[in-house]
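The values are calculated or read from the model by the stated rules, or taken from the named source; none is laboratory data. Nothing here was measured: the structure is a model prediction, and the numbers come from that model. Note that we place each Cβ from the backbone using ideal geometry, even for glycine, and neighbour counts take in every protein chain shown. Please note that ligands, DNA and RNA were not included when accessible areas were found on the heavy atoms of the full protein model with its side chains. Shrake-Rupley method; radii C 1.70, N 1.55, O 1.52, S 1.80 Å.
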Amino acid sequence: MSIKRVWINGLSGRMGLELQTLIASSERWDLVGGTSIGELVDREFNITETNWKRLPECLNRTDVLIDFSAPAGNAELLKFFQESNVKDKAVLIGTTGLDADQRGAWKKLAKERNIRLLLAPNTSLGVLLTLKVSQQLAGVLNKFDFDIEVVESHHRAKIDAPSGTAKFLAEGVARSVDKQTIYGRTGKRQPNEVGIASLRGGSVFGEHEIRFLGDNEELVVSHRALSRTLFAQGALMLAGWIVTRSPGHYGLEDVSIEDMLKLLQEKGA
């Protein structure tokens, strides 16, 4: 069993801390270090820098970089890659709230630098299964004029709305039945819409529902996160997936059900 060496961008954040806890108890992963709020922490040499000048050297000792920061932290990482010579790396981006320009810049970088890039707005394998099941349901129920809506709930401090996961689910389902997504609807619902509604409050980790509403019945596919540990576990499994891919950019839909079964089996091995 080979040990994979990981670097975390967002080392001191909530997800960064969850990842550190899991890696510390894992026989499959080793934490090289991380970057956070302008600092670089090299654990192997016990060094902390106030800039990222040592990052290329650190990444040479790393199998995969996991980004769980914020849009500003992701932009700092992107700028580093654009201005450095780093290439031939595996990168998993779990940061949400990135705009189209940021996502496009990462995809361009993946092509130019031979990078294996996975953009993952949610690292729960359960969320990915939620999408795939919902796409199958949509293909059937759309023929019977069911309306499709996505409802998501998160804690009061969440920065982005709708959540990246809600957009991922809504866009994936809408694409499967040739509809468009809409957020902040006013006025009457249109038949070609998949709407997204957001609730914010309390300390909710994350809840997502895809609702199929017919004239006489309703079907709901839902996913509820009970702790952040689930996202950290999924991130490590997805990181293990992206390191085995060919260079290029990937989305969660590129992870097949067969891939997920293999990842889950490896987790339990």
**Item:** Sequence-distant lysines (8 or more away, or on other chains) whose Cα lies within less than 17 Å of K108
**Value:** K79, K87, K89
**Prompt:** Using a ≥ b ≥ c from the Cα gyration tensor of segment 1-124 (square roots of the eigenvalues), is it rounded, prolate or oblate, where a/c under 1.5 gives rounded and otherwise the larger of a/b and b/c decides, a/b for prolate?
**Reply:** rounded
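For segment 131-227, give me the percentage of DSSP beta bridges that are antiparallel, rounded to the nearest 5 percent. Before the final figure, lay out each step's value.
On the way: 14 of 25 bridges.
Bridges in segment 131-227 that DSSP calls antiparallel: roughly 55 percent.
Give the percent of DSSP beta bridges with both residues in segment 1-154 that are antiparallel, rounded to the nearest 5. Mind dumping the intermediate values first?
Working: 7 of 25 bridges.
Expressed as a percentage, antiparallel bridges in segment 1-154 total about 30.
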**Message:** How many angstrom lie between the Cα centre of segment 49-72 and the Cα centre of segment 133-171?
**Reply:** 33 Å
**Request:** Enter the accessible area per residue of segment 1-67 (Å², integer; probe 1.4 Å; all protein chains in place).
**Result:** 50 Å²
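Share of antiparallel DSSP beta bridges in segment 183-242, in percent to the nearest 5? Working shown, then result.
Numbers: 7 of 8 bridges.
Beta bridges within segment 183-242, antiparallel portion: roughly 90 percent.
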**Residue-count net charge about I47 - beta-carbon cut-off 12 Å; Lys, Arg +1, Asp, Glu -1** = -2
**Message:** Treating only the Cβ of Lys, Arg, Asp and Glu as charged (+1, +1, -1, -1), what charge dipole size does the chain show about its Cα centre? Round to the nearest 20 debye.
**Reply:** 360 debye
**Global form of segment 54-201, assessed from the alpha-carbon gyration tensor, a/c cut-off 1.5** = prolate
**Request:** Would you tally the net charge around E193, using a Cβ to Cβ cut-off of less than 11 Å, leaving E193 out, and scoring K and R as +1, D and E as -1?
**Result:** +2
